[in-house]
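Worksheet: one structure, shown below.
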Amino acid sequence: MSTAFCFVFFSFTLLFSLFSLLIFVLRLKLWCTCKICQAYLTSSWTKDFDNLCDWYTHLLKNSATGTIHIHVIGNIITANPANVEHMLKTRFENYPKGKPFSTLLGDLLGRGIFNVDGDSWKFQRKMASLELGGVSVRTHAFDIVGSEIQSRLLPLLSSVAGKEQVLELQDVFRRFSFDNICKFSFGLDPGCLELSLPVSDLAEAFDLASKFSAQRALASSSLIWKVKRLLNLGTEKQLKEAIKVVDEFAEEMIKQRREEGFSDRHDLLSRFMGTINDDKYLRDIVVSFLLAGRDTVASGLTSFFWLLSQHPEVESAIREEVERVMGSSEQFASFNQMREMHYLHAALYESLRLFPPVQFDSKFAQEDDILPDDTFVRKGTRVTYHPYAMGRMERIWGPDCLHYKPERWLQNGRYVPENLYKFPVFQAGKRVCLGKEIALVEMKCVVLAVVRRFNIRVPHSNQAPRFAAGLTATLRGGLPILVQER
């Protein structure tokens, strides 16, 4: 019996492999022979570009409309602000996340807010808006961030200051933001940023789950990863094991909270438990916020300090503004004081313009449509807007678009916002990021605390960033730094 099963299993695996190869060859030779599709399928673009996002930027710059079509994967990609507004506002209902996207992340995010459309999205959006918009929640988040900075981030930087000891800053910020978002979401402190930089099973499982979920989108056919999932093979097996760790953690937290009571607690889980009785639904919602609040903040901070190392004049200007607003006080900056720091705000926005944590975002057209640039969109087509490329378009930001220039956001020394459809880093329209203000405050707190006490230097900072494939922009090899006390 076992011999027969093995024979059937390996025969099926072999046939499936041959079938997948056949699909790839057919797509490569017969489906589309245009230069863009051939370059995509053969990865020949890697001869000239380190990152896929830079190749897309090159193509979009050379497109008269700022829009391209990669036929072999059924993806229209645009860097045209009018198209972005059309998708996120004018025809919002015609461009949901779509089932293909929900399937990719379904095992990890389930029915969470970032993976659903329709009534489920509207319900979670309304609930999250009420919870995240309150003063008490923002104050709670501010207190968590302040505690993590004072008790862990600053002591860690002090421990390596002046020792010529290289510290990997991207890893530090990922640990920092994971501690914060776990406290904020679950009321749990994983202690990732303790001086010993301990290994966290939960953080590792979450990283793997995010990585392998994102890799599904890179498969030449969705059949490949779906069959691997069915047979529990390779990365799909690892993904399943990682998600199991996340599930067990969430289940234990929910069970514990129900036993202890949640009415007097401030974390998101406790707040949502007052409205939702479905434990699986609770798990999906909170894990979604865990994903959004961890990697995006870490990515944004990493890019900011990489840019700061190349632009000491920006660092000096931030310090001058801090001294003007706060004087010689060594206290933590307050909300009101941060509101007066227009240059700091501009410096962060300029960093996000060039290095958005989420480099692109896709929707799927429910019905045939025509974009403002006259691009025809067939029903079921994936349509992607690309904030990374948009930040590098001369037609949007002018001839100095590649320069890091905080002053472009200032008029008479005060920050002036840009059109969100020109700068969709936090999305725009009905799906605009609800955690935007909390994330910005967290980033400002870190920047202020670090630049006031330390000089952060990046060896070989003139090397262009190289990104790893994933849901958010992650530097391959991290960001090694040297720290000096001021």
Among residues of the range 254-268 being at pLDDT below 85 and not acidic (D, E), the residue nearest to the chain's Cα centre (by Cα) is L268
Checked the range 189-217 for anything in contact with a Gly (Cβ under 9 Å, 6 or more places away or on another chain), in a loop (DSSP other than H, G, I, E, B) and either over 30 Å from F101 (Cα atoms) or open to solvent by 70 Å² or more (accessible area, probe 1.4 Å) (or both); matches are P198
Within the range 40-55, the residues that are in a loop (DSSP other than H, G, I, E, B) and in contact (Cβ under 8 Å) with a residue 60 or more places away in the chain are D50, N51
Within the range 417-466, of all residues that are among the polar types (S, T, N, Q), part of a loop (DSSP other than H, G, I, E, B) and touching a residue at least 12 places away in the same chain (Cβ under 8 Å), the one least open to solvent (accessible area, probe 1.4 Å) is S461
Of the candidates E321, E350, E330, E407, the one satisfying the condition of being modelled with pLDDT of 95 or more and more than 18 Å from M443 (Cβ to Cβ) is E407
In the range 255-298, residues that are among the hydroxyl-bearing types (S, T, Y), part of a helix (DSSP H, G or I) and in contact with a helix residue (DSSP H, G or I) (Cβ under 8 Å, 6 or more places away or on another chain) total 3
Conditions (1) within 27 Å of A468 (Cα to Cα); (2) in contact with a Phe, Trp or Tyr (Cβ under 8 Å, 6 or more places away or on another chain) -> F335 fails only (1)
Residue hits (the range 109-137; open to solvent by less than 30 Å² (accessible area, probe 1.4 Å) and either at pLDDT 90 or above or not in a helix (DSSP H, G or I) (or both)) are G110, G112, V116, G134
ask   = Does E323 satisfy the criteria of being in a helix (DSSP H, G or I) and surrounded by fewer than 18 Cβ atoms within 10 Å (Cβ to Cβ)?
value = yes
Checking R378, R339, R353, R382 in turn, the sole residue that is out of contact with any strand residue (DSSP E or B) (no Cβ under 6 Å at 6 or more places or on another chain) and touching a residue at least 24 places away in the same chain (Cβ under 8 Å) turns out to be R353
Pairing a residue in the range 108-121 that is on the phi > 0 side of the Ramachandran plot with any residue that is open to solvent by less than 20 Å² (accessible area, probe 1.4 Å), where Cβ atoms lie under 6 Å and the two sit 6 or more apart in sequence or on different chains, gives G110/D284
Within the range 218-240, restricting to residues that are open to solvent by less than 50 Å² (accessible area, probe 1.4 Å) and not polar (S, T, N, Q), the one that is modelled with the lowest pLDDT is A219
Those residues of the range 88-107 which are closer than 16 Å to I370 by Cβ, touching a Leu at 6+ places or on another chain (Cβ under 8 Å) and either open to solvent by 10 Å² or more (accessible area, probe 1.4 Å) or part of a helix (DSSP H, G or I) (or both) amount to none
For the range 132-146, pairs from a residue that is touching a residue at least 24 places away in the same chain (Cβ under 8 Å) to a residue that is surrounded by 13 or more Cβ atoms within 10 Å (Cβ to Cβ) and aliphatic (A, V, I, L, M), with Cβ under 6 Å and 6 or more apart or across chains, are L132/L434; A141/I438
Note on the range 467-486: residues under 20 Å from the mean Cα position of the chain (by Cα) and either part of a loop (DSSP other than H, G, I, E, B) or free of Cβ contacts under 8 Å to residues at least 12 places away in the same chain (or both) are A468, A469, G470, L471, T472, A473, R476, G477, G478, L479
Among (1) surrounded by 20 or more Cβ atoms within 10 Å (Cβ to Cβ); (2) without any contact (Cβ under 8 Å) to a residue 40 or more places away in the chain, V314 falls short only on (2)
Right, E164: under 22 Å from the mean Cα position of the chain (by Cα) and of a type in the set (D, E, K, R) or not?
-> no
### Message
Is it the case, given these coordinates, that E367 is over 29 Å from T139 (Cβ atoms), of a type in the set (D, E, K, R) and open to solvent by 30 Å² or more (accessible area, probe 1.4 Å)?
### Response
yes
Counting only residues in the range 349-393 that are among the hydroxyl-bearing types (S, T, Y) and in a loop (DSSP other than H, G, I, E, B), the one nearest to Y404 (Cα to Cα) is identified as T375
- Query: Is there a residue in the range 173-188 that is open to solvent by less than 10 Å² (accessible area, probe 1.4 Å), assigned to a helix (DSSP H, G or I), at negative phi and of a type in the set (D, E, K, R)?
  - Reply: yes
Within the range 394-409, the count of residues that are surrounded by 15 or more Cβ atoms within 10 Å (Cβ to Cβ) and closer than 23 Å to L301 by Cα comes to 7
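The values are calculated or read from the model by the stated rules, or taken from the named source; none is laboratory data. Here the structure is a predicted model, which means the values were calculated and not measured. Neighbour counts run over all protein chains shown; Cβ positions are idealised from the backbone, glycine included. In case anyone asks, the SASA skips ligands and DNA or RNA and just uses the protein heavy atoms, side chains included. Shrake-Rupley method; radii C 1.70, N 1.55, O 1.52, S 1.80 Å.
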